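Okay, structure first, notes after.
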Amino acid sequence: MYAESLSVASTMPIMITQTVAMFLMMAIGIALHEAKYLNRRGAQQLANIAVYVASPAVMLDAFASDFSWDRLVNAGLCAALSVAFTLGSAAIAWLVYRDRQRISQFAIMISNMGFIGIPLVQSVLGEEYVFYVSAAIAAQVPISWTYGIWLVSQDKSLMSPKKVLTNPAVIAVAVGIVLFCCSVNLDGVLQVTATDMGNLNTGLAMLVLGVYLAETDIRSLLRNKTLYLTNFIRLAVIPLAIIAVMALLPIPMEVKLVILIAFAAPCGTTTAMFSQMFGGDYRFGAGLVSMSTLLSLVTMPIMLGIGLLVL
């Protein structure tokens with residue numbers, strides 16, 4: 001069933017729609033910057049809202065659902081694989097760059113599971129599998145907010161256990177797990193609030209990226225060879241390595257496909273937003289996100305096609 005529904009013909013329209021929407025929202029961010037309605041300071045504030053409010057709301061909304069053992073087991077598999085493959089991606093990035101190109105290492109490690117992965121899983125596999133992608137995203141949160149922040153900032157003080165445990169994203173995941181285990185569905189005002197706050201996530205991130213791109217020397221960026229190497233690793237090397245590993249694992253096909261979609265996605269938007277928030281090269285981060293998103297129109301169908309043949 002999954003192999004039949006997952007094809008280039010079914011995924012391309014979704015990917016094109018998501019990518020075009022992404023670039024249109026970035027263009028709005030650029031226009032707002034050029035018209036002096038939104039500056040770097042405002043973009044940083046929007047990034048804070050996206051990271052500390054909107055993204056946790058997405059997690060909370062996804063986890064607040066009816067409990068079932070099958071969903072728990074499969075979600076647990078997705079979370080475990082997400083941790084393993086995120087750490088594996090980080091290891092590959094470190095082997096390539098060592099103590100250099102830390103923004104590139106972050107970009108290789110964290111994919112855009114939310115904006116690209118969720119719509120693809122939702123449309124191709126079904127609404128119920130969004131829960132599994134959310135589990136994969138949630139499993140990445142502690143890594144992003146510890147090792148990821150250290151990569152960008154080189155400041156170990158930002159990695160304190162207290163700051164990690166009191167982070168809104170981590171709290172949202174913990175609360176969401178409790179709600180799921182207790183079969184608590186958000187209702188009424190709480191449901192509307194969580195959904196509407198979560199819906200802000202993508203728009204805010206794209207506006208912020210638009211501002212970053214408006215301040216970037218695009219010609220200089222395109223001459224940067226690191227940009228191309230990083231995207232090659234993120235979009236080709238990582239998915240192929242994951243396909244090779246999962247081909248050996250006796251786990252459900254739907255779990256494999258969810259994880260493949262999640263990790264074949266382009267660089268996560270936090271590549272640029274964390275760079276801005278924690279003192280990294282956010283212009284280069286924005287360039288990585290933009291180019292990888294565009295290139296993923298070609299690479300994702302290829303990787304999914306290979307996955308269907310091998311898995």
### Query
Cα centroids of the range 168-200 and the range 97-132: how far apart, whole angstrom?
21
## Note on the structure
For 71, 234, ascending order of other Cβ atoms within 10 Å (fewest first) is 71, 234
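Taking only DSSP H segments of four or more residues, each worth -39500 (n - 2.57), what value at 222 nm results for the chain once the sum is divided by all its residues, to the nearest 500 deg cm²/dmol? Show your work: numbers first, answer last.
Details: 18 runs with 230 residues, N = 311.
Using -39500 (n - 2.57) per qualifying helix, the result is -23500 deg cm²/dmol.
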## Note on the structure
Checking rank on 42-54, 241-253, 173-185, 99-111, with mean other Cβ inside 10 Å and highest first, the result is 99-111, 42-54, 173-185, 241-253
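Could you tell me which of rounded, prolate or oblate describes the range 131-273, using a ≥ b ≥ c as the square roots of the eigenvalues of the alpha-carbon gyration tensor, with rounded for a/c under 1.5 and, failing that, prolate when a/b is larger than b/c and oblate otherwise?
Values: a/c = 1.66, a/b = 1.22, b/c = 1.36.
It is oblate, given that a/c is not under 1.5 and a/b is not larger than b/c.
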### Summary
Residues whose modelled amide H sits under 5 Å from the amide H of residue 38, counting only those 5 or more places away in sequence or on another chain, are 33
### Amide proton proximity set for residue 111, modelled H, under 5 Å, gap of 5+
268
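Is the C-alpha gyration tensor of the range 16-57 telling us rounded, prolate or oblate? Criteria: a/c under 1.5 is rounded; beyond that, a/b larger than b/c is prolate, otherwise oblate. Let's see the in-between values first.
Values: a/c = 3.89, a/b = 1.03, b/c = 3.77.
Note, shape of the range 16-57 comes out oblate.
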### Message
Hydropathy at least -0.5 by Kyte-Doolittle, axial extent at least 24 angstrom from the Cα trace: which helices of the chain, defined as entire DSSP H runs, fit?
### Response
8-34, 69-97, 188-214, 282-310
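Computed from the coordinates by the stated procedures, all read-outs in this text should not be read as laboratory data. Small disclaimer: the values here were computed from a predicted structure and weren't measured. Here the Cβ is made from the backbone with ideal geometry for all residues, glycine too, and neighbour counts use every protein chain on show.
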